[in-house]
C-alpha cells in the first residue's frame, strides 16, 4: 500500500490514467449532483447507479480491482435494487414527485458540505504523502487487500460485522413486533407511521 | 502494436461468440420444445425440420413497429433493453474456455466477483423496463424481478464463495486450474444451489413468476415490441450461455475431461455448457411455474442453508486435508 515516496512525484502529472481518473471523477460528481437534485424519484435511483458505477471505475483506475467489483456487486446489484423495489412497492410515479420534497434543502446542504469538507480534509491529511505506483505490480489485488484486511484491520472488520449483526437482529425484532400487534387484533391505524417504518 | 491487435482480436472473437451462441440456444430451444411437447409449428418453416424458424422470427421482429407508450418514461424505456443485454457481453469476456492464455477474453484477478457483480447489473434492465412502461402488469413484473434477485443473489454468492475457498483463488482460470475430479462430489450441493439460483436470476421456468405470461402478460416486457423485445429475448438466451458456462467453469472442471484435455480442452468446456443448456430447456418444458411465495421460501429456507452447509463442508475438508 504505502509505497515509499522515493521518486519525485507531482500533483496531476498528466499521465493517461490520471486524466481518466479526473474525467471519471467529474462524471461521478455530476451524476451525484443530479441524484440529489432531480425531482423524479426513480431517476434519482438510476443516477445513483451511474454515481456508484463511476466510483467503481475510480477504484479500478487505482488498481483496486477487488474493491471495484465488490462495490458493483453490493451497491449496484443489491442496494439500488432494494431501493427500486421499495420505490415501486410504495410510490413511484412517472414524472415529477412534488410531494417528495421535505423542505429541508438548506439543512441538507449544510450537512452535506460539512461532511464532505471533513472527509476531504481527513483523507488529504492522512494520505497526502502516499503514492500508488501504477506501473509496478498491482497494489490492490485480492491477495494484497485480503492480507492487509486480515492482518492489520481485523478488529475494525470484526466490530463492523457485529454492528451489522445487531442491525439484522434489530430489523427482525421490529418486524415481528409490528406483526404481533396486528395479530393481537385491531391494528390501530392512528399510530401507523411509526409502525410502518418498523415493518419495512 | 501487436498488443493492440491482440486485444482487438480477442474482443472480436468474444463479440462473435456473443452473437452466435445465444441464437444457437434459441434454435435448440425451439427444436427441443417441439420434440418434447409434440409441437408442429416450429417444425414447419423452411422445410427440413423447420430450420428457418429462427430466421423467420428475426425477420418478424425486425418488421414490427417500435412502439413507446404515450405515458411511458421515454428515455428509460428505450435504454432498458441495452442495460439488460450488455452485462452478459462483459461477463463472456471473463469466462475461460481452455487452459491456454489465448482461450479467455481477459484474465481478471477477481474474476468470480466480476461475473457475479455484472450479472446482477443485468437485472436492472428488467427493473427499468417494468417501471418505465407505465403499465400495472409491467410494474408487478418489475417488483417480482427485484424480489427474486434479492432472494437468489445470496445463495448464488455463497455457492461461488465455497468453490473459491476450495481452489484458494478468486480468478476463474485459477479455479479451473485447481480442479480435481473429486471436487464433483465434494462441491455437488454448491453446484446445484448455484445452478438453481442462476436459473431463478435469469427468470427461466420454473422460476418465471416475474414474466408469467398467463397472468401478468410477460411482466416487465409487456409494452415492448419489435427489436427492443427481441433484445430482451436475446438477453435471456445470452444469460443461459453465461450461466451454463459459469457452472461448467466453477463446478464441472471446465476444460478437464477424461481424455484429450491437452489440445481439445475447449471442446470439453463447450460440451458441458451445451449439456447444461439442454437441461435448462428441458426444465422449461417439464416443470410448472412456482408461485411467488414458494419462490421466496425455496430460496430463504432451502438454498441459503444448503449453501452455508456447503461452505462449512468445504472449510472442514480444506482444513483436514491441508
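The values are calculated or read from the model by the stated rules, or taken from the named source; none is laboratory data. This one's a predicted model, so the numbers in the text were calculated from it and none came from an experiment. Virtual Cβ from ideal backbone geometry, glycine too; neighbours counted across all protein chains shown.
Which of the numbered conditions does residue B:27 fail, given that it passes all the others? Conditions: (1) surrounded by 13 or more Cβ atoms within 10 Å (Cβ to Cβ); (2) over 22 Å from the mean Cα position of the chain (by Cα).
(2)
Is it true that some residue in the stretch A:130-138 is away from chain B (no Cβ under 14 Å), closer than 30 Å to residue B:144 by Cα and at pLDDT below 85?
No, there is no match, as no residue in the stretch A:130-138 is away from chain B (no Cβ under 14 Å), closer than 30 Å to residue B:144 by Cα and at pLDDT below 85.
For the stretch B:285-305, give me each residue that is in a helix (DSSP H, G or I) and surrounded by 17 or more Cβ atoms within 10 Å (Cβ to Cβ).
Within the stretch B:285-305, B:295, B:296, B:298, B:299, B:303, B:304 qualify.
Taking the criterion of being touching a helix residue (DSSP H, G or I) at 6+ places or on another chain (Cβ under 7 Å), outside any loop (DSSP other than H, G, I, E, B) and exposed (fewer than 14 other Cβ atoms within 10 Å of the Cβ), would at least one residue in the stretch B:67-79 satisfy it?
No; the residues of the stretch B:67-79 include none that is touching a helix residue (DSSP H, G or I) at 6+ places or on another chain (Cβ under 7 Å), outside any loop (DSSP other than H, G, I, E, B) and exposed (fewer than 14 other Cβ atoms within 10 Å of the Cβ).
Could you tell me which residue of the stretch B:114-143 is nearest to residue B:191 (Cα to Cα), considering only residues that are more than 16 Å from the chain's Cα centre (by Cα), surrounded by fewer than 24 Cβ atoms within 10 Å (Cβ to Cβ) and within 10 Å of another protein chain (Cβ to nearest Cβ)?
The selected residue is B:143.
Being in a loop (DSSP other than H, G, I, E, B), within 19 Å of the chain's Cα centre (by Cα), touching a residue at least 24 places away in the same chain (Cβ under 8 Å) and closer than 27 Å to residue A:142 by Cα is the requirement here; does residue B:96 meet it?
yes
Taking the condition touching a helix residue (DSSP H, G or I) at 6+ places or on another chain (Cβ under 6 Å), in contact (Cβ under 8 Å) with a residue 12 or more places away in the chain and more than 13 Å from chain A (Cβ to nearest Cβ), does residue B:84 pass?
Yes.
Quick one: what pairs do we get from the stretch A:63-87, first residue more than 7 Å from every other protein chain (Cβ to nearest Cβ) and at positive phi, second modelled with pLDDT under 85 and not in a helix (DSSP H, G or I), C-beta under 8 Å, 6+ apart or different chains?
Partner pairs satisfying both residue conditions: A:63/A:132; A:63/A:134; A:63/A:138; A:63/A:139; A:63/A:140; A:63/A:141.
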